[in-house]
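> The structure's right below; bear with me while I get my questions together.
Coordinate-derived values only; no laboratory data. Since the structure is predicted, the reported quantities are computational estimates derived from the model, not experimental observations. Every residue, glycine among them, receives a Cβ derived from its backbone with ideal geometry; neighbour counts consider all protein chains shown.
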Amino acid sequence: MKKNFLIILASGAVIIISFVLLNFHSADKSGRIVAVGELYSSLKSGDLSGSVNSLEKTAYFDGGVVNIPEDVFDIKASKVLGVANEERWIEVDLSEQRLKAWDGSKLFLETLVSTGLPWYPTPTGEFRIWIKLRATKMEGGTGKYYYYLPNVPYVMYFQNSDVPGWRGYGLHGTYWHNDFGTQRSHGCVNLPTEIAKELYYWTSPVLPEGKSTVYADEGNLGTKIVIHE
């Protein structure tokens, strides 16, 4: 009986570990298991159109239905606020759960954010935005941990040499909670939607008129993001 109990216990542990790895971890090119952000599912789907789906008005999160607010569906583009004389960059302070956007040494805006939970940490270091999407879909988890979040607004994916873009970390608007100032995400930086909108049109790569997605390149570099404890 004791042996059978230990086998059952070990099997349960394997199932739990597998659940974590399958939902919030993936393998890199060398086969090494690495953490992925909550936006990983949208990259894996292959849909990088950035289009807002006006037919999807509800989401599912924390075991309940969430009505997506109307401002998420606003497709009117904002104008970039002026021309930067110095490099624009974004600072994310994990210890304070706070983001600051800078025009060189001049503060553009400051806001509370929600970064990764202790078991899904937001990566630290210096990054660059590599793609911006007006909207995307996040889906993952199983059972009571299942979430379905269409029309995640104003997404700015970031990467560096240690954290490649396919791992799915980014800044984005958030309509499914208002707990900014506390850790809530699976690794991304959750922003109030209006703040995300401002940053989306303030950062580079600059979005061409009429487009809902843009990649960074040598002539249209992504804004620098510095994330620290």
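> Order these peptides, 181-187, 167-173, by their mean beta-carbon neighbour count within 10 angstrom, highest first.
Taking the mean over residues of other Cβ atoms within 10 Å, the ranking is 167-173, 181-187.
> Going down the list Lys197/Lys224; Lys106/Lys137; Lys76/Lys106; Lys100/Lys224; Lys76/Lys100; Lys76/Lys224, which pairs span over 23 Å between their C-alpha atoms?
In this structure, Lys106/Lys137; Lys76/Lys106; Lys76/Lys100; Lys76/Lys224 lie more than 23 Å apart at Cα.
> Let me ask something additional. Using a Förster radius of 30 Å, what is the FRET efficiency between Asp71 and Glu96 based on their Cβ-Cβ separation? Nearest 0.05, please.
The value I calculate is 0.70.
> Just to confirm the filter: which GluC sites (Glu not before Pro) across segment 61-151 are DSSP coil and have at most 11 other Cβ within 10 angstrom of their Cβ?
Those satisfying the criteria are Glu86.
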